[in-house]
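Scroll down for the structure; my scribbles are underneath it.
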Amino acid sequence: MAKRPAVGLRRQGGVANVIMIVVALVFMVLFLLLPLVTVFAQAFASGLSGYIASITDPNTLSAIWLTLIVAAVALVVNVVFGLAGSWALARFRFPGRLAILTVLDLPFSVSPVVAGLMLVLLYGRQGWLGPWLEAHNLKIIFALPGMIIATIFVTLPFVARELIPLMEEQGADEEEAAILLGASGWQMFWRITIPKLRWGLLYGVLLSNARAMGEFGAVSVVSGNILGLTDTMSLDVKALYDGYNIVGSFAVASLLASLALVTLVAKTVLERQFLTRSTKEEVSA
Amino acid sequence: MAGHVSIRDVSRRFGAFTALDAVSLDIPAGELVALLGPSGSGKTTLLRIIAGLDFPDTGQVLINGEDNVARHPRERGVGFVFQHYALFRHMTVAGNVAFGLQVRPRGLRPSKAEIKARVAALLDLVQLGWLADRYPSELSGGQRQRVALARALAIEPRLLLLDEPFGALDTKVRKELGQWLRNLHHDQAITSLLVTHDQEEALELADRIVLMSQGRVEQIGTPAELYTKPASPFVLEFLGEANRIAGVVGEGGLVRVAGTGDAVAQSIDPGHALAAAGQAVTLYVRPHDLLLEARADGAAVVRSVKVAGAFAKIEVVLADQVLTALTPLHRLPSLHLQEGSRARLVVAQGMSFPTQGAGGSLQFAAPRSFAMA
């Protein structure tokens with residue numbers, strides 16, 4: 001993806017160029033920049049104290065806390081599953097492999113609300129597993145476990161989707177070399193496989209984390225929106241807004257927006273690392 | 001300590017494809033053996049089975065008399081050099097070479113100072129001490145493969161397996177590195193098995209060549225044996241170009257080219273069954289063993305004369321067959337051959353093989369009385 005000057009376009013009709021640039025800029029400002037600015041402007045509408053008061057509201061704090069827990073659990077699951085799954089899918093050929101690869105994309109194609117509904121239908125009171133869960137006093141829907149499951153569902157493909165092509169491209173030679181040199185399975189995994197995959201893994205984790213914290217639809221369906229109990233930040237934004245607490249709503253939203261910005265910056269930095277590394281390795285391979 | 005390797009009836013199938021079909025061979029301790037064959041002949045599969053990276057369906061892999069099939073690859077004491085180096089990309093050159101020592105269990109692991117000294121010695125051996133702190137991506141292909149070799153030697157393997165080690169390098173580097181490996185082997189005498197599809201490389205480097213085709217061993221022997229006494233047309237043609245001349249055996253074992261009266265060769269195995277008069281034979285003749293003599297009544301017509309380096313390549317048409325002759329460039333003027341000129345063929349030496357498995361192959365040379373014939 002090297003930047004190349006668009007040689008053919010550079011010296012052509014000045015007016016057309018200006019019009020196109022202006023149109024692009026207007027769209028950017030109107031649909032990307034202004035909304036972002038609005039979020040922060042509204043959040044600080046009643047000054048810094050109002051902002052701080054909104055953020056430190058017990059319900060909001062609980063929402064932030066809950067979001068962090070959900071994201072952290074999803075992260076661990078995603079890393080473990082992502083590594084194990086991609087290992088199996090990239091390194092081995094077995095019947096049903098293609099089917100698994102297809103199903104892996106399901107969370108990308110299914111609407112999150114539908115995903116949430118599926119979980120309710122499965123784990124809810126009237127669901128298939130509902131009676132059994134109730135008999136064992138396990139509460140999943142309208143509780144933390146359901147929210148975690150919903151978040152895992154929508155973020156599941158990110159890490160694996162990042163790692164599978166990377167593993168296929170890198171091949172298993174280095175792992176084989178490590179084993180033949182006497183390394184144990186763990187030594188090979190920690191000293192060869194993980195360092196080889198670290199940028200891809202980090203990138204996948206970053207993407208799934210951004211999605212986990214921002215998820216609304218699926219979590220909304222399974223959480224039941226119990227204020228201060230099963231409210232994540234995204235849900236809190238809507239709840240506050242619906243309750244006409246504009247400053248509070250936008251204050252929380254500004255936190256999510258900041259998170260998104262941090263993610264984007266980190267993603268850009270990682271991509272650059274990733275690209276220069278892999279092209280370097282490619283060029284000299 | 002060099003290992004003696006013995007492969008016994010090893011077979012391996014991948015679905016309907018038979019990669020190895022009851023292969024048996026011996027690799028004496030300390031020898032450098034080349035596994036030679038076209039792609040798909042099973043040579044890499046055999047190498048991976050010896051290393052433990054793949055498993056035979058049946059058969060045994062004996063190292064110093066002990067079956068290794070059930071052994072974990074990490075316990076086989078095998079050094080492996082991959083075609084694409086497989087260096088650890090996130091470690092320095094020194095880190096790569098040290099890896100095999102660092103992962104040893106605590107009791108068997110040398111001290112840090114010992115590892116450092118050993119790495120330095122190995123890097124000196126491969127003449128790369130000055131690159132110890134570089135990363136593999138900063139090295140040339142030839143340098144990387146030498147690092148890979150030092151890494152494999154670090155664990156003091158009983159057996160060194162090299163999978164097309166020079167396959168990804170350009171010709172000049174390949175030759176240099178090949179010669180260098182030959183010298184290294186001479187000094188270290190580790191039993192080594194080199195997979196290659198390059199017959200020149202095998203002929204130049206190996207003590208012994210195992211020529212494989214379609215999962216079977218075609219012939220095992222020294223380079224000279226394989227080249228001068230090939231067991232089959234496949235071996236002969238794999239080890240270099242060869243012309244096929246359709247001929248008929250005449251009186252006294254004299255072979256005449258089918259469709260012409262020209263006598264080109266005579267059996268030098270007198271009394272052999274194949275020498276029976278009237279029998280059709282296919283003569284296999286290497287281009288440099290095919291001599292041409294300008295004669296107005298010759299049955300061959302020169303189609304083209306091309307200069308290729310030290311040799312001239314002359315193509316002739318003889319009774320609908322296109323044959324190639326190689327002659328040293330300095331002799332070309334004295335041959336008086338151009339496109340369209342007529343010539344007679346003389347076979348300096350050639351071979352034919354029995355069609356029905358009866359008897360052995362026959363050696364031919366120019367009929368002694370040819371000049372007069």
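The values are calculated or read from the model by the stated rules, or taken from the named source; none is laboratory data. The model shown is predicted, which means the values in this text are computed figures rather than measured ones. FYI the Cβ positions are ideal-geometry reconstructions off the backbone, even for glycines, and counts take in every protein chain you see.
Brief remarks follow.
- Exactly one residue out of A:77, A:110 is touching a residue at least 40 places away in the same chain (Cβ under 8 Å), closer than 25 Å to residue A:211 by Cα and among the β-branched types (Val, Ile, Thr): that is A:77.
- Criterion applied to B:167, B:178 was being under 18 Å from the mean Cα position of the chain (by Cα), assigned by TED's automatic domain parsing to the domain that holds residue B:73, assigned to a helix (DSSP H, G or I) and under 27 Å from residue B:5 (Cβ atoms), and the one residue passing it is B:178.
- Which listed residue, of B:69, B:97, B:119, B:61, is β-branched (Val, Ile, Thr), without any contact (Cβ under 8 Å) to a residue 60 or more places away in the chain and assigned to a loop (DSSP other than H, G, I, E, B): B:69
- Matching residues, region B:141-151, being buried (at least 22 other Cβ atoms within 10 Å of the Cβ), within 11 Å of another protein chain (Cβ to nearest Cβ) and over 23 Å from the mean Cα position of the chain (by Cα): B:144, B:151
- Residue selection: residue A:263 fails the criterion of being away from chain B (no Cβ under 14 Å) and not in a helix (DSSP H, G or I).
- Residue among A:183, A:177 that alone is surrounded by 20 or more Cβ atoms within 10 Å (Cβ to Cβ) and either in a helix (DSSP H, G or I) or not small (Gly, Ala, Ser) (or both): A:177
- Residue within region A:224-232 that is surrounded by fewer than 20 Cβ atoms within 10 Å (Cβ to Cβ) and of a type in the set (D, E, K, R) present: no
- Yes/no for residue B:128 being more than 20 Å from the chain's Cα centre (by Cα), more than 12 Å from every other protein chain (Cβ to nearest Cβ) and surrounded by 19 or more Cβ atoms within 10 Å (Cβ to Cβ): yes
- Here residue B:40 passes the criteria (1) in a strand (DSSP E or B); (2) at pLDDT below 90 except the one numbered (1).
- Note on region A:135-145: residues that are in a helix (DSSP H, G or I) and either free of Cβ contacts under 8 Å to residues at least 12 places away in the same chain or loosely packed, with under 14 Cβ neighbours inside 10 Å (or both) amount to 2.
- Boolean, residue B:226 is outside any strand (DSSP E or B), buried (at least 21 other Cβ atoms within 10 Å of the Cβ) and touching a residue at least 12 places away in the same chain (Cβ under 8 Å): yes
- Qualifying residues in region A:27-47 (those that are out of contact with any Phe, Trp or Tyr (no Cβ under 7 Å at 6 or more places or on another chain) and among the small types (Gly, Ala, Ser)) - the one nearest to residue A:259 (Cα to Cα): A:41
- Scanning region A:181-228 for residues that are away from every other protein chain (no Cβ under 14 Å), free of Cβ contacts under 8 Å to residues at least 60 places away in the same chain and among the hydroxyl-bearing types (Ser, Thr, Tyr) returns no hits.
- Here B:49, B:63, B:27 are screened, and the one residue that is more than 10 Å from chain A (Cβ to nearest Cβ), in contact with a Phe, Trp or Tyr (Cβ under 7 Å, 6 or more places away or on another chain) and within 14 Å of residue B:160 (Cα to Cα) is B:49.
- Residue B:108 vs. criteria surrounded by fewer than 22 Cβ atoms within 10 Å (Cβ to Cβ), touching a helix residue (DSSP H, G or I) at 6+ places or on another chain (Cβ under 7 Å) and not hydroxyl-bearing (Ser, Thr, Tyr): no
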